[in-house]
Every structure is written in structure tokens, then in C-alpha cells.
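The values are calculated or read from the model by the stated rules, or taken from the named source; none is laboratory data. A quick note: this is a predicted structure, and the numbers were derived from the prediction, not measured. Here the Cβ is made from the backbone with ideal geometry for all residues, glycine too, and neighbour counts use every protein chain on show.
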Amino acid sequence: MTVVRTFALPLLRRIALLVALLAIVFVAVDLLPGSAARSALGRDAGQGELAAKEHELGLDRALPVQFWHWLTGVLTGDFGQTARGTSVGDLLADKFPQTLLLGGIALALTVTVSLALGCWWALRPTAFGARLLQPASTVAVAVPEFVCGTLLILVFSLATGWLPAVTITDRSGFPAGPEMLILPVLALAIPQIGWNARVVRSALLDVATAPHVENAVLEGLAPRTVLLRHMLPFAAPAIVAGYATSVGMLFGGALVVETLFNYPGVGAVLAGSVADRDTATVAAVVALTAIVIMMLLAVADFVRTWASGGTR
Amino acid sequence: MGFTRRQLLQSGLGVTALLLVAACTSDDEADGPAKQGGTLRVGALGTTARAERDPHANLSNDSDFLIASLVYDALTVPGADPTVAPRLASRWEASADNRRWTFTIAEGAKFHNGAPVTADDVVWSMRRLRSVGGASKMPVAENDIVAEGPNRVVFTVAAPNAQLPLLLRLMTFTVPQGTTDFAAAIGTGPFRLESYQGGNARLVRNEQWHGTPPLLDAIEVTMFDSVTALGNAALAGQIDLASNVGAIAGRTAATRGDLQVVRRANDTMLGVAMRAADGPFADARVRTALRLGVDRTALVNQVHSGYGTVAGDVLGTADPLYDAALARRDRDVERAKTLLREANFDTGRSYAFVTKAEVPGEVESAKVIAAQLADIGVRLDVQVVEPAAFYDSTWLNAPLYTVSWGTNDSVLFFADKLMTSTTNRNETAFRDPEFDAATAKALASSGAEFTKACHDIQRIEFERGGYLVWGMADGVDIAAAPVRGLPTLGGFARVQLERAWLA
């Protein structure tokens with residue numbers, strides 16, 4: 001029963017939420033002015049050609065029917081076709097791994113750096129570097145990815161020539177060199193590092209006043225031991241919740257950052273398909289991104305349950 | 001008088017052309033003879049969702065069109081003067097009534113797989129273009145495209161059409177008969193497709209090409225989603241050519257010694273369509289008032305960042321027959337006000353002015369025009385709509401909206417496609433018997449008669465047409481300093497990279 005309550009119910013809730021989200025996507029794209037048929041055929045297409053294309057794309061059916069048809073297709077692994085007739089599944093298989101790579105590295109960097117900074121900040125609040133962190137993390141949180149990316153390009157590419165300004169892909173469809181990942185990853189990670197360093201610090205400061213921590217300090221344990229064994233495990237639920245929030249922010253930011261750096265991910269696919277009113281593609285990108293975020297949130301939930309259960 | 005003026009103009013154009021040729025020649029001489037070899041890294045705009053491999057489909061990505069234009073050969077391509085140059089077709093003749101056109105396939109034309117190009121391949125491809133791309137890409141019906149012998153193709157049109165070679169430029173790609181899968185991209189063009197991945201491609205020189213062999217070993221095309229990233233890539237030296245990157249990147253590149261800015265004049269017409277058939281702008285005096293009310297120089301400077309030229313309400317500014325002396329209209333606020341009064345134009349209300357962010361500066365142009373026309377008492381309410389929605393409801397219907405066109409080297413093209421009573425793309429709902437007659441005459445004639453009809457068309461457009469053509473945007477490319485032989489013509493001629501080389 002515990003297993004059902006801990007995992008199955010939240011999972012079902014999330015799946016229901018996902019289906020509702022996708023239904024909203026269908027309605028939202030439908031409400032936008034313009035049509036996918038017009039986008040695919042261009043401005044010279046006549047009414048007859050448009051009607052034929054709409055029929056071909058199934059756009060002449062009622063919206064719930066379109067949604068049901070798409071959803072049942074997805075369940076059998078068929079994401080449908082774009083308005084231009086290419087397979088949405090192929091398109092995503094071509095581009096989604098790159099977004100996962102970008103988001104994954106940015107998340108790993110966010111976790112590592114913000115943990116390190118947050119711990120250091122909590123341990124030595126009066127050190128010069130830690131004092132700098134107060135304004136620096138505020139700025140990092142406040143600056144949007146787009147501005148951050150533009151500044152990085154200006155400084156590290158156009159002014160100094162140290163790093164490439166945009167991503168050029170090789171024949172595999174991935175960036176031609178690892179150096180091309182540096183600026184996009186930084187543009188994504190810096191705002192999240194700023195946010196999470198603050199979360200880590202305040203979570204640690206919260207547990208610092210707990211009796212067992214004070215006890216450990218009085219017993220003369222090394223600060224590192226106190227931090228790793230007596231503070232971090234108790235602060236973990238709050239910290240993991242912070243990272244879970246960042247997952248969504250990272251994927252949202254990836255869409256902007258990909259465009260800025262010409263990074264070959266799903267961001268451009270999503271932007272282009274919204275502009276083209278290509279509902280099937282938009283919904284597929286949203287579904288895939290949502291599934292990844294949901295999986296990471298489930299991992300976060302698991303860690304929190306485990307951490308709070310294990311320490312209680 | 002008209003004749004002398006025309007002669008003067010033509011000689012003027014001739015001198016300009018000579019100067020241009022001289023300028024280019026001296027440039028080339030400074031670097032010595034053209035060099036063979038090297039890889040040109042080109043960036044072009046495009047988005048994954050719109051990527052298209054079928055050369056006969058709607059190629060809305062610049063990057064896809066660039067790749068197709070280098071891998072496949074169109075029957076004809078743009079030139080400066082004459083505006084149609086041979087490509088897969090080496091020559092063409094019309095019957096006396098301009099209805100039956102015979103195109104001869106260039107000698108030695110071969111597909112990349114070694115097979116010679118036959119008339120059957122061309123007929124099959126052109127018929128497919130018609131069925132996939134529609135009448136706007138192939139104006140001749142499928143049954144009216146037939147082979148005549150092994151290397152000639154005959155196109156027959158219902159009404160005389162002097163423009164057919166021009167209408168067959170750029171999109172008329174020939175593929176081997178029966179092709180259904182375009183992944184291998186077997187074309188006849190100056191470059192062969194070596195690899196393709198998600199909109200990006202690597203092309204290598206086709207040693208067997210029937211034309212003058214290209215000098216570059218390879219061209220690498222990278223697709224860019226945004227002009228900002230495209231410009232940054234060129235500024236950072238990651239690509240050698242940013243195609244159609246726009247005026248803003250051009251301004252930045254102009255300050256850099258390691259980059260060159262290529263300005264291709266008459267690239268994009270950005271203007272206003274005023275509905276002539278009915279509604280508030282039906283009176284020609286009101287349209288003239290609006291035309292007199294705008295400050296064209298200010299518009300070119302503000303909207304095109306100065307990378308453009310002032311125009312005078314006549315379409316087809318790059319046509320060798322374009323009458324630059326006729327098409328001049330300076331701002332005259334008082335005269336505009338007088339005309340509005342004479343026409344009893346209601347200045348008490350405001351008028352919807354619809355625009356969309358389709359080409360750079362389009363929305364800005366509407367805002368600047370609205371501000372300028374307030375000076376003559378016309379209040380415009382600028383409404384920005386989505387391009388897709390625009391073509392569904394505003395286009396061809398609304399009384400006042402912004403328009404843009406990319407092919408600007410033919411006066412007759414615009415007259416026939418956009419302004420005759422019978423066209424289905426009559427953006428200004430312009431119906432004028434004299435104009436229809438002049439257009440029909442031009443389509444059916446050649447030589448002096450053709451020239452005369454083209455001048456009549458321009459005169460009517462200038463006097464009472466529905467377009468407010470205030471200026472032409474330059475196409476702006478930025479390239480690394482050593483790149484030579486780049487296209488200089490406006491519009492889709494930007495894809496003609498087969499003569500490029502690296503110094």
C-alpha cells in the first residue's frame with residue numbers, strides 16, 4: 001500500500017496533469033489566428049488547395065477528435081506528421097538528444113557549483129568571496145538567460161575571440177566541438193546557480209541551529225564533518241526541491257538559449273511550429289519535455305522522501 | 001520628349017553598368033586571377049520545422065533554397081540585363097504570338113549520377129512542379145508541357161506571355177524522371193550533395209557540370225534560426241558568408257576590416273497597398289495625397305537603416321526598363337492636404353492600417369508612415385497581426401495594409417501578377433481598362449512595342465495605382481574579406497554562389 005501511495009498515485013496524478021496540459025496546448029494553438037495549411041503552402045495557395053491540405057492534415061475535424069486521434073497515436077509511438085509531411089517522431093529524435101545534452105550539462109553544472117558555493121557561503125559567511133556572493137547571486141537570478149547569453153557572446157566571443165559565438169553542427173547533428181557547448185551551458189546555468197546557491201545556503205543555515213548540529217560543533221567535530229554528516233542530509237529535502245524547480249526553468253530557458261546560440265535542439269522546432277500553427281509538433285515537444293521534467297521531479301520526490309524518512 | 005528622356009536614362013544605366021563592371025574587374029585584378037579551391041562556409045536563415053528536401057515544394061527556408069539552387073539547375077536564372085540568363089536551358093524561342101515557347105537543354109547537361117538530362121526528365125519535373133507547387137511556381141498546365149525531340153521542351157500558354165522565361169527562373173529544378181525520394185538529391189547543378197543533417201549540408205564541386213566549372217571545392221551551408229545568431233557567426237569568423245543577414249549586422253560589419261558588406265540593391269520592396277476599387281482610398285486623389293504625404297528619404301533611413309533606395313510608387317525598380325526619371329515623388333504636405341479636401345476625405349475618423357512582422361522593418365515602416373501621414377491630417381491606426389492570419393483575412397481584402405515582394409526586376413511581372421483586373425493576387429483591387437490593355441500588349445509583344453507598353457504601365461502606376469512604394473531595401477550579406485565573386489543582384493539571386501571563390 002505504501003508503494004501505491006508513494007509512487008503510483010502521484011504518477012497517475014502527473015499523467016492526468018500531462019493529458020490536461022496537452023489538451024490546453026491543442027486549444028491554445030487552435031485559438032491562434034492563421035492555419036497550418038496556409039503556413040505550409042505559402043501565400044499563393046488558393047482556397048481549394050488550402051481545403052485539401054486541411055483535410056489531409058485532419059484539421060477539418062472537431063478539435064476533440066483531433067486531440068483524441070493524436071493522443072491515441074502517441075500511445076502507439078506515432079507522433080504524427082508535421083504540416084509539411086515529415087514525421088514528428090523523426091524530427092524529435094533528431095533534435096531532442098541535443099536539448100537533453102545541453103539541459104543535462106547545465107543541470108549538472110548548476111547542482112555542482114551551487115552546492116559548492118552554498119556550502120562555502122554557509123560555512124564562512126564573513127569571507128570576502130562569500131560576501132561577494134550576496135550581490136552576485138542576486139544579479140545572476142535577476143538576469144534572464146537571453147541577456148546573460150548576449151553578454152557572454154559579447155565578452156567571450158566577439159570581444160576576445162576565446163570561444164565560438166554560435167554552434168555549428170557536424171554530420172552527426174551534434175555540436176562540432178565541445179567548446180561550442182560552453183557559452184550556451186553557462187547562459188543557462190548562471191541564473192540557476194545564483195538561485196540554488198541561495199537555496200543551499202539558507203537550507204544549511206536553517207539546520208545549523210538544530211540541537212544535534214550544535215551538539216556536533218560543541219563536540220569539536222571538524223566543520224567539514226559537521227557539514228557533510230550532520231547538516232547536508234537534513235537540508236537535502238529543501239535543496240532538492242530547489243533543483244526540481246530549476247529543471248523546469250532550464251528547459252524553458254533552453255528554448256531561448258538555443259535560438260541565441262543557433263544550438264540544434266527542440267527550441268527552434270517548437271518556436272517554428274508555434275509560428276506555423278503545427279499543433280501535432282507543438283504538442284509532441286511539450287509532451288516530451290513534460291515527461292522529462294516529470295521524471296526528474298519524481299526523482300526529486302523520491303530523494304526528498306528518502307532523505308526525510310531516513311533522517312527522522 | 002519621352003523618347004529622349006528614355007534614351008538619356010538608358011545611356012545613364014549603361015554608363016552605370018559599365019562603371020560597375022569596371023569596378024568589379026579592378027577588384028578582381030587587384031587579387032590576381034580567380035583561384036580554385038577552398039571551402040566556403042555559408043550561413044542562411046531557416047528553421048527546422050520548415051525544413052524541406054523536395055525541390056518542388058514550398059521552400060520557405062533560405063537555407064533549403066540555397067542548397068536546392070546549388071544542387072539542382074533551374075531552366076533559367078536571374079541576370080542583370082537581360083534579367084533572364086540561361087542555366088539548364090541554354091536558349092529559348094517564342095512563336096510570333098508569344099504563346100509557344102521552346103527551351104533547349106544545355107549541351108552536356110548530366111545528372112550527378114552520370115545520366116544525361118533528357119527532355120523527358122525536364123517535362124516530368126516541370127509537370128511535377130506544377131502539381132506540387134501550383135500555378136505560382138509553374139504557370140503552364142501539366143498537359144501543355146511536352147518534349148520535342150531529345151533535348152527540347154515546349155511550353156504552351158493559353159494567353160500570350162512574353163514573360164515565360166522570367167517566370168521559369170529559379171524554381172524550375174529538374175530531377176531524374178520518376179524521383180520520389182529526394183534524400184540523395186540527384187540534380188544537375190554545379191555542386192553535389194555530400195551530406196545533409198537537419199537543415200545543414202555539405203556540397204562538393206560537380207566536376208561534370210555543363211556550365212563554367214565552379215572554383216570552390218566545397219560549400220557548407222549552416223541553417224540559422226535568427227539573424228542575430230547569423231550575424232554573430234560571421235562576426236566571430238565561424239562562417240565566411242552570412243546570406244541576407246540584414247542592415248543591423250551590416251552596420252556592425254562595416255566597421256571591421258576583416259569583413260566586407262555586400263549590398264544587393266532592389267532586394268525587397270516594402271510598401272503599402274491602398275484598395276482602389278472601393279472604400280476610403282478608392283478616389284485616386286486620396287491615394288496621391290497619401291503618396292505625397294510620406295517622407296521617403298526619412299523612411300529609408302529609419303526603416304532600412306539607410307541600406308536602401310527611395311522609390312516612386314512604381315513596381316519593378318530593377319527592371320532595365322524602369323523609368324527612374326518618371327518615378328519620383330517628393331513630399332508635399334500642402335498639396336496632399338489640398339487633394340484630400342478636393343476628394344472630401346473624412347479626416348475626422350481614423351483608418352485601420354494592418355501590418356505584420358514578416359520582413360525586417362515592416363512593422364516599423366507602418367508606424368513611421370502613420371506618424372508622417374498625421375501631418376496631412378490622415379489618422380492611421382496601426383494593427384499588427386500574425387503573418388498567417390494576415391494571408392487568411394487581410395490580404396486582398398483590407399483597405400490599407402503593408403506588403404512586401406522579393407522579385408523586383410520586372411515591371412511587367414508585377415503588372416501582370418498584381419494589378420490586372422483578372423489576377424487573383426490583386427492586392428490593391430486595382431481595375432483599370434487602360435492598364436489591362438497595356439499589360440496585355442506587353443505580354444504579347446517584343447522589341448520597341450514591348451518597351452512602349454512597359455512605359456505605359458509605369459505611367460499608370462505612377463498616376464493612379466494603388467501602391468505606395470516608398471523605398472527598396474538592399475539585401476545585405478556580410479562576408480569574410482577574402483571571399484570574391486559573390487552575387488550582387490537583389491532578391492533570390494542571392495543563392496547564386498557558383499561563381500564565388502576565395503582569394
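Of all the residues in segment B:241-264, those that are under 19 Å from residue B:496 (Cα atoms) and away from chain A (no Cβ under 12 Å) number 10. Does any residue of segment B:357-367 turn out to be under 27 Å from the mean Cα position of the chain (by Cα), more than 30 Å from residue B:84 (Cα to Cα) and within 14 Å of chain A (Cβ to nearest Cβ)? Taking every residue of segment B:357-367 in turn, at least one turns out to be under 27 Å from the mean Cα position of the chain (by Cα), more than 30 Å from residue B:84 (Cα to Cα) and within 14 Å of chain A (Cβ to nearest Cβ). For segment A:63-75, does any single residue satisfy the condition of being assigned to a loop (DSSP other than H, G, I, E, B) and either surrounded by 20 or more Cβ atoms within 10 Å (Cβ to Cβ) or away from chain B (no Cβ under 14 Å) (or both)? No, because not a single residue in segment A:63-75 is assigned to a loop (DSSP other than H, G, I, E, B) and either surrounded by 20 or more Cβ atoms within 10 Å (Cβ to Cβ) or away from chain B (no Cβ under 14 Å) (or both).
Among the helices (runs of 4 or more DSSP H) confined to segment A:208-312, the ones with at least 1 residues that are closer than 25 Å to residue A:182 by Cα and either under 19 Å from the mean Cα position of the chain (by Cα) or within 14 Å of another protein chain (Cβ to nearest Cβ) (or both) are located at A:232-261, A:266-275, A:279-311. For segment B:225-240, the candidate set comprises residues that are among the hydrophobic types (A, V, I, L, M, F, W, C) and assigned to a loop (DSSP other than H, G, I, E, B); within that set, the residue that is nearest to the other protein chains (Cβ to nearest Cβ) is B:236. Is segment A:116-137 home to any residue that is assigned to a helix (DSSP H, G or I), modelled with pLDDT of 90 or more and farther than 30 Å from residue A:224 by Cβ? Within segment A:116-137 (the criterion being assigned to a helix (DSSP H, G or I), modelled with pLDDT of 90 or more and farther than 30 Å from residue A:224 by Cβ), the answer is no, since none of the residues qualifies. Looking at segment B:392-407, is at least one residue within 14 Å of chain A (Cβ to nearest Cβ), touching an Asp or Glu at 6+ places or on another chain (Cβ under 6 Å) and either crowded, with 20+ Cβ neighbours inside 10 Å or assigned to a helix (DSSP H, G or I) (or both)? Yes, the conditions are met somewhere in segment B:392-407.
When the residues of segment B:196-224 are filtered to those that are under 21 Å from residue B:480 (Cα atoms), outside any strand (DSSP E or B) and not hydrophobic (A, V, I, L, M, F, W, C), which remaining residue is farthest from the other protein chains (Cβ to nearest Cβ)? My answer is B:214.
Quick check: anything in segment B:380-390 at pLDDT below 95, surrounded by fewer than 16 Cβ atoms within 10 Å (Cβ to Cβ), of a type in the set (A, V, I, L, M) and over 30 Å from residue B:452 (Cβ atoms)? The answer is no; no qualifying residue exists. For segment B:265-291, filtering for residues that are within 21 Å of residue B:318 (Cα to Cα) and touching a Ser or Thr at 6+ places or on another chain (Cβ under 9 Å) leaves 8.
Within segment A:204-222, work out how many residues are exposed (fewer than 12 other Cβ atoms within 10 Å of the Cβ) and either among the polar types (S, T, N, Q) or over 20 Å from residue A:308 (Cα atoms) (or both). Total satisfying the criteria: 5.
When each of B:215, B:193, B:230, B:241 is tested for being under 13 Å from residue B:68 (Cβ atoms), out of contact with any Ser or Thr (no Cβ under 7 Å at 6 or more places or on another chain) and not small (Gly, Ala, Ser), the lone residue that passes is B:193. For segment B:176-231, which positions are over 26 Å from the mean Cα position of the chain (by Cα) and among the hydroxyl-bearing types (Ser, Thr, Tyr)? Selection gives B:179, B:180, B:195, B:196.
Listed by first and then second residue, the pairs with beta-carbon distance under 7 Å, at least 6 apart or on different chains, first residue in segment A:22-45 and away from chain B (no Cβ under 14 Å), second small (Gly, Ala, Ser), are A:22/A:283; A:22/A:287; A:25/A:283; A:26/A:283.
Tell me, yes or no, whether segment A:161-170 has at least one residue that is assigned to a loop (DSSP other than H, G, I, E, B), crowded, with 18+ Cβ neighbours inside 10 Å and in contact with a Gly (Cβ under 8 Å, 6 or more places away or on another chain). Yes. Selection over segment B:74-123 of residues that are of a type in the set (Lys, Arg) and buried (at least 21 other Cβ atoms within 10 Å of the Cβ) gives a count of 1. Checking each residue in segment A:268-312 for being acidic (Asp, Glu) and more than 25 Å from residue B:229 (Cα to Cα) picks out only A:301. Tell me yes or no: at least one residue of segment B:47-63 is β-branched (Val, Ile, Thr), over 18 Å from the mean Cα position of the chain (by Cα) and within 14 Å of chain A (Cβ to nearest Cβ). Checked segment B:47-63: at least one residue is β-branched (Val, Ile, Thr), over 18 Å from the mean Cα position of the chain (by Cα) and within 14 Å of chain A (Cβ to nearest Cβ). The numbered conditions (1) part of a loop (DSSP other than H, G, I, E, B); (2) without any contact (Cβ under 8 Å) to a residue 60 or more places away in the chain are all true for residue B:143 except (1). Looking at this structure, is residue B:37 assigned to a strand (DSSP E or B), modelled with pLDDT of 85 or more and not hydroxyl-bearing (Ser, Thr, Tyr)? Criteria not met by residue B:37.
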